[in-house]
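Before any comments, here is the structure.
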Amino acid sequence: MTPALELELPGDNGAPALARRAVEERIDHGYDEEQTGTLLLLVTELVTNAVLHAGAPGSPVLLRVSITPG
């Protein structure tokens with residue numbers, strides 16, 4: 001499956017906001033408001049954890065998002 005979005009983010013505190021913005025702007029997911037909120041929360045949490053727990057401070061974070069029907 002080809003990702004709907006693939007983006008390299010800086011390994012800093014701004015990465016979660018950049019990830020949310022990219023998902024909002026670039027993915028046509030067709031979810032309702034509640035599902036969209038959940039998607040954005042998951043992306044924010046995952047990117048935050050990647051930044052905080054990466055092997056080296058400042059290491060870039062690769063975000064890949066795929067949307068499947070259902």
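The values are calculated or read from the model by the stated rules, or taken from the named source; none is laboratory data. A quick note: this is a predicted structure, and the numbers were derived from the prediction, not measured. Backbone-built Cβ (ideal geometry, glycine too); neighbour counts: all protein chains shown. Side chains included, ligands, DNA and RNA excluded: accessible areas come from the protein's heavy atoms. Shrake-Rupley method; radii C 1.70, N 1.55, O 1.52, S 1.80 Å.
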Can you give the net charge of the other residues whose Cβ lies under 11 Å from the Cβ of Val61, counting K and R as +1 and D and E as -1?
-> -1
Degrees between helix 15-26 axis and first principal axis of the chain (Cα, 0 to 90, nearest 10) | 30
Heavy atoms only, probe 1.4 Å: what % of the accessible area of the chain goes to carbon and sulfur, would you let me know?
-> 51
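What size of dipole, in debye to the nearest 20, comes out for the chain about its Cα centre when the only charges are +1 on Lys and Arg C-beta atoms and -1 on Asp and Glu C-beta atoms?
That gives a dipole near 240 debye.
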Select one label from (i) 0.90; (ii) 1.71; (iii) 0.98: the one whose number is Rg/Rh (Cα atoms, Kirkwood Rh) as derived from the coordinates shown.
-> (iii)
Counting helices only, and only those DSSP H runs with n ≥ 4, report the 222 nm mean residue ellipticity of the chain as the sum of -39,500 (n - 2.57) divided by its residues, in deg cm²/dmol to the nearest 500.
-> -15500 deg cm²/dmol
Which value, in Å² rounded to 10, gives the accessible area of Ile27 with a 1.4 Å probe and all protein chains present?
-> 20
Around Thr38, with a cut-off of 15 angstrom between Cβ atoms, what is the net charge of the other residues, counting Lys and Arg +1 and Asp and Glu -1?
-> -4
What net charge is computed for the residues neighbouring Val51, neighbours being all others with C-beta under 14 Å from the C-beta of Val51, Lys and Arg scored +1, Asp and Glu -1?
-> -2
Descending packing, highest mean Cβ count within 10 Å first, for 32-40, 12-20 is 12-20, 32-40
